[in-house]
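Read the structure below first, then the notes.
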Amino acid sequence: MQKVTMQDFEQIRCLSQVAFSPNGKAAAYVVSQPSLKENSYLSYIWVLEDGISRKLTAGGEESGFLWLDDQTLLFPGDRSRGKKQEGAQETTVYNRINIHGGEAEPAFTIPMKASGLQKVDDTHFLFIGNFDHYRPDLSGLQGEELEQAKQALEEEKDYEVFDELPFWSNGKGVVNKRRRRLYLFDVTSGECQLLSPAYMNVSSFRYRAQDDLLLYYGHDYEWMDDQKDDMYLLHLNHPEQQPEIQQLSIQLKHRYGVDAADFMGDRLIIAASTGERYGTNENPTYFTADLHTGALTQLCDLDPSMGSSVGSDCRHGGGTTAKTTDTAWYYTETRGFNSCIVRLDQDGKETQITPQVNGSVDCFDYFDGTFLYVAMRENGLQELYRCREDGSGEQQLTHFNDEFLASRAVAPLHYLPFTDSDGVQLDGWVIEPVGYDPSKRYPAILDVHGGPKTVYGEVFFHEMQLWASEGYFVFFCNPRGGDGRGNEFADIRGKRYGVWDYNDLMEFTDHVLQSYPQIDPARVGMTGGSYGGFMANWIVGHTDRFAAVASQRSIANFISKCLTTDIGYYHNLCAVQSDPWNSPEEMWNRSPLKYADKCTTPTLFIQSDEDYRCWMADALQMFTALRMHGVPTRVCLFHGENHELSRNGKPKHRVRRLKEITRWFDRYLKNC
C-alpha cells in the first residue's frame with residue numbers, strides 16, 4: 001500500500017457532463033485528469049453504450065458537448081491549432097463527431113465566445129454569448145478600418161474602466177459592462193440574433209421543442225447588480241429568415257433571486273427566494289408560473305438545500321443538476337452531510353430518488369425511468385452510476401479510480417457526532433494517521449470548510465488523505481452556518497457570525513481531544529479557506545490553543561472585503577448585518593483584523609492574486625498586522641490563480657500550495 005502523496009491528485013480521474021442521447025440508447029460524459037507535465041487539465045469525451053464505456057476523443061480539450069442526434073455529438077474547440085491574431089474578433093468553432101468512429105470535423109463557427117449551445121432545429125441553435133459593451137464590434141470591418149480598430153484595442157489593453165458593481169468576478173476577471181447574452185444562431189447565414197435585453201446577464205435558459213417555447217432569466221442591470229432576476233418566456237416562430245419573437249414577462253416583480261427554473265407540463269416550475277427572511281443564503285421556495293399570463297403561484301416551501309454542496313478537492317467540470325418531465329422536477333439536494341437526487345411532484349411532494357448512501361451526487365441525467373449520475377460514494381472518488389426511478393438497483397458503471405484507491409493507503413473516516421453547549425447536534429469526523437499506533441502520540445490538523453453554507457461529507461478529500469499519510473490526525477465537522485439542515489441552522493448572520501460557529505469548532509476540538517488521547521494538544525494545527533480562512537484569522541485572534549495555522553483565501557477586514565470583492569457589496573454586508581456608514585463599529589467587531597494584536601500563533605497565508613472573491617488585500621492586511629506584532633508569519637502569493645486554487649488551480653501550483661501548508665505544519669507541529 002502506497003501512502004497518498006502531494007502529486008497523487010494527478011492520478012485521479014474526474015467525471016462530469018453526463019447526458020443521454022435523444023433516444024436514450026447511449027450516453028456521453030467527460031473525463032478529466034490533471035497533468036503536471038502540461039500544467040493543465042486534460043479532458044476527453046467518453047461514450048457509454050450497451051453498458052460499455054469507450055473513449056471517443058483524443059484532443060485533451062473536450063470539456064463539453066451537445067447531442068446533435070442519436071449518433072452525433074457537437075463539441076467546441078478550434079482543432080486547427082491556428083494562432084489567434086491579436087485584436088481579432090473572438091469566435092467559437094463547433095465540431096461534429098459520430099459516436100461510432102471517424103474523425104471530428106468542423107460543423108460551424110459562431111462569431112463570438114459561446115457556451116451552453118442548444119439545438120432548435122437543423123439550422124438554428126441557441127447559445128450564451130459573451131458581449132463587451134466597451135469593446136468595438138470588429139465584424140464587418142475590412143482593410144484600413146479594421147487595422148485602426150485593432151490598434152485602438154491594443155492601446156486600450158493598458159487600461160481598465162470600472163463604472164458598475166461588480167467590476168470584476170472570481171474566475172472571470174474584469175466583468176465591467178460585460179454580459180452573458182442569449183442569442184439565436186442561424187447556421188445558414190452565420191447571423192446571431194440577440195434575444196435577451198442588452199444589459200441582462202443571462203443566468204440560464206431552457207428550450208422546449210414540442211411547443212417551441214424558450215424560457216430564460218438573469219440579472220438585468222446597468223450600474224449595479226442587485227442579485228434579483230427577471231424572467232421571460234418566448235415563442236419562437238422561426239421561418240428560414242428572421243424569427244418573430246413574442247415575449248412574456250414572468251411576474252417575479254424583480255423581488256426574487258432564481259436558483260433554477262424549467263418547464264413542467266403546462267406550467268413553469270421555479271425555485272426562488274427573496275432573501276427577506278434569511279438573507280443571501282436563503283433556501284428557495286418553489287413556485288409555478290402560468291405559461292399564458294406569467295402569474296406566479298407558490299407551490300410549497302420545503303426549506304430545501306438545492307444543489308450539492310458536499311466539499312471535495314477531487315472534482316473538475318460540472319453538469320446538469322436539475323431536469324423536468326411533464327409531471328415532475330428532479331434535482332440534486334444536500335441533506336445533512338450527503339447530496340442526492342430528489343423528485344418534486346406537481347402537488348409539491350418531495351421524494352428522494354437515489355439510495356441513502358453516504359457521499360455526493362454531482363450531476364445527472366434522466367431518461368424513461370433511468371438515472372445516470374456522477375457520484376462519490378463512501379470515501380470514494382467520482383464514478384458513473386445508474387439507478388431506477390424508485391431508487392433501486394444502484395450500479396457502478398465505471399471504474400476509473402478503483403486501481404488508485406486500491407493501491408493507496410486511504411484512511412477511513414470515523415464518524416464522531418457531538419452535541420454542542422447549546423444542545424445542537426452536529427456531525428464530525430476524525431481521520432487517523434496511516435499506520436496509526438494507539439500507544440503513540442500524534443500531531444493533528446483541524447480543517448474548516450468554506451461557505452459557510454457548505455458541508456463536509458464522506459467523500460475522498462486529497463489534502464486530508466495526504467496529511468493522514470504524513471502522520472497527522474485530521475478532524476473536521478459541520479458547525480452552525482453550514483448547509484443541508486435548513487435555513488435556521490444556516491443563519492449565523494450578524495452578532496452570531498464568528499460566535500456560534502467558532503464555539504462549535506472549539507467544542508468539537510475539545511471533543512476530539514477527549515476521544516483521542518493519542519493527539520498531543522500542544523501539537524494541533526488548523527487550516528481553512530474562504531469562510532474557513534475567515535475562521536483561521538478569527539481563531540488566531542481569539543485563542544492560542546493551536547500551534548500553527550494556515551489561512552487560505554481569507555477574510556480579515558469586512559470593510560475592505562465588502563468594498564473590493566465581487567460578492568462583498570451584497571453577500572458579506574448581509575452576513576455581518578452592518579455597513580461602513582451606519583454601523584462601522586459592528587463591521588470592525590466582526591473583522592479578525594481587530595484582534596490581530598492578540599495573536600501569538602505562527603500563521604501562514606495562502607493567497608491568489610486573481611482571487612476576486614477574497615481579494616488579497618485582506619490576507620496582506622492580516623499578514624502585516626501579525627508581522628508588526630512579532631508573530632511568525634509568511635505569505636505565499638500565487639500569480640494567475642483565483643479562489644479555486646485548491647480545487648482547480650494549475651497542477652504545479654496545487655502541489656506548491658500543499659508543500660507550503662504541509663511544511664508549515666511540519667515545522668511547528670512535528671519539529672517543535
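The values are calculated or read from the model by the stated rules, or taken from the named source; none is laboratory data. No experiment lies behind these values; they were computed from the predicted model shown. We place every Cβ from the backbone using ideal geometry, glycine too, and count neighbours over all the protein chains shown. Please note that ligands, DNA and RNA were not included when accessible areas were found on the heavy atoms of the full protein model with its side chains. Shrake-Rupley method; radii C 1.70, N 1.55, O 1.52, S 1.80 Å.
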Go through the stretch 199-232 and count every residue that is surrounded by fewer than 17 Cβ atoms within 10 Å (Cβ to Cβ) and of a type in the set (G, A, S).
1
Just name the residue that is farthest from L165 (Cα to Cα) out of those in the stretch 585-598 that are part of a helix (DSSP H, G or I) and open to solvent by less than 40 Å² (accessible area, probe 1.4 Å).
A596
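Could you tell me how many of the residues in the stretch 185-198 are hydrophobic (A, V, I, L, M, F, W, C), more than 29 Å from the chain's Cα centre (by Cα) and either surrounded by 17 or more Cβ atoms within 10 Å (Cβ to Cβ) or at pLDDT below 95 (or both)? Full working, then the answer.
Going through the stretch 185-198, the residues hydrophobic (A, V, I, L, M, F, W, C) turn out to be 185, 187, 192, 194-195, 198.
Then keep just the ones that are more than 29 Å from the chain's Cα centre (by Cα); that gives 187, 192.
Narrowing the set further to residues that are either surrounded by 17 or more Cβ atoms within 10 Å (Cβ to Cβ) or at pLDDT below 95 (or both) leaves 192.
Total satisfying the criteria: 1.
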Would a scan of the stretch 160-171 turn up a residue that is among the hydrophobic types (A, V, I, L, M, F, W, C), touching a residue at least 60 places away in the same chain (Cβ under 8 Å) and open to solvent by 20 Å² or more (accessible area, probe 1.4 Å)?
yes
Among (1) within 25 Å of the chain's Cα centre (by Cα); (2) within 27 Å of D303 (Cβ to Cβ); (3) open to solvent by 30 Å² or more (accessible area, probe 1.4 Å), there is one condition Q346 misses while meeting the rest; what is its number?
(1)
Out of (1) of a type in the set (A, V, I, L, M, F, W, C); (2) farther than 26 Å from Y29 by Cα; (3) open to solvent by 40 Å² or more (accessible area, probe 1.4 Å), the odd one out for L405 is which?
(2)
Per-region count, the stretch 195-210, residues out of contact with any Lys or Arg (no Cβ under 9 Å at 6 or more places or on another chain), farther than 15 Å from H124 by Cβ and touching a residue at least 24 places away in the same chain (Cβ under 8 Å):
2
Only one of these conditions is not met by G319: (1) over 14 Å from the mean Cα position of the chain (by Cα); (2) small (G, A, S); (3) surrounded by fewer than 20 Cβ atoms within 10 Å (Cβ to Cβ). Which number is it?
(1)
Is it true that some residue in the stretch 329-342 is touching a residue at least 24 places away in the same chain (Cβ under 8 Å), in a strand (DSSP E or B) and either small (G, A, S) or open to solvent by 30 Å² or more (accessible area, probe 1.4 Å) (or both)?
yes
For Q89, work out the one condition from (1) surrounded by 16 or more Cβ atoms within 10 Å (Cβ to Cβ); (2) under 24 Å from G173 (Cβ atoms); (3) within 28 Å of the chain's Cα centre (by Cα); (4) not basic (K, R) it doesn't fulfil.
(3)
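Conditions (1) loosely packed, with under 15 Cβ neighbours inside 10 Å; (2) assigned to a strand (DSSP E or B); (3) polar (S, T, N, Q), marked per residue:
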| site | (1), (2), (3) |
| --- | --- |
| E38 | yes, no, no |
| S43 | no, yes, yes |
| L48 | no, yes, no |
| Y94 | no, yes, no |
| G102 | yes, no, no |
Do we have any residue at all in the stretch 174-184 that's surrounded by 13 or more Cβ atoms within 10 Å (Cβ to Cβ), under 30 Å from K25 (Cα atoms) and at pLDDT 95 or above?
yes
Filtering the stretch 50-72 down to residues that are open to solvent by less than 20 Å² (accessible area, probe 1.4 Å), more than 12 Å from I99 (Cβ to Cβ) and either in contact (Cβ under 8 Å) with a residue 40 or more places away in the chain or in a strand (DSSP E or B) (or both) yields G64
Across (1) out of contact with any Pro (no Cβ under 9 Å at 6 or more places or on another chain); (2) closer than 25 Å to G482 by Cβ; (3) not in a loop (DSSP other than H, G, I, E, B), D365 clears everything bar (2)
In the stretch 397-408, what residues are under 25 Å from E463 (Cβ atoms) and either modelled with pLDDT under 95 or not in a helix (DSSP H, G or I) (or both)?
T398, H399, F400, N401, R408
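Please enumerate the residues belonging to the stretch 433-464 that are among the hydrophobic types (A, V, I, L, M, F, W, C), open to solvent by 10 Å² or more (accessible area, probe 1.4 Å) and within 28 Å of the chain's Cα centre (by Cα). Don't jump to the end; show me each part of the working.
The first filter runs over the stretch 433-464 and keeps only residues among the hydrophobic types (A, V, I, L, M, F, W, C), leaving 434, 444-446, 448, 455, 459-461, 464.
Among the residues that remain, those that are also open to solvent by 10 Å² or more (accessible area, probe 1.4 Å) are: 434, 461.
The answer is F461, and nothing else.
Among the residues of the stretch 104-125, write down those that are charged (D, E, K, R) and either in contact with a helix residue (DSSP H, G or I) (Cβ under 6 Å, 6 or more places away or on another chain) or open to solvent by less than 70 Å² (accessible area, probe 1.4 Å) (or both).
Listed by number, the residues that qualify are K119, D121.
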Would you mind finding the one in R135, R79 that is closer than 28 Å to S40 by Cβ and in contact with a helix residue (DSSP H, G or I) (Cβ under 9 Å, 6 or more places away or on another chain)?
R135
Where residues in the stretch 139-159 are more than 25 Å from D609 (Cβ to Cβ), assigned to a loop (DSSP other than H, G, I, E, B) and not hydrophobic (A, V, I, L, M, F, W, C), which of them is most open to solvent (accessible area, probe 1.4 Å)?
Q142
What about Q298, is it out of contact with any Ser or Thr (no Cβ under 7 Å at 6 or more places or on another chain), of a type in the set (S, T, N, Q) and either closer than 23 Å to H219 by Cβ or open to solvent by 20 Å² or more (accessible area, probe 1.4 Å) (or both)?
no
Is it true that F131 is on the phi < 0 side of the Ramachandran plot, of a type in the set (F, W, Y) and open to solvent by less than 50 Å² (accessible area, probe 1.4 Å)?
no
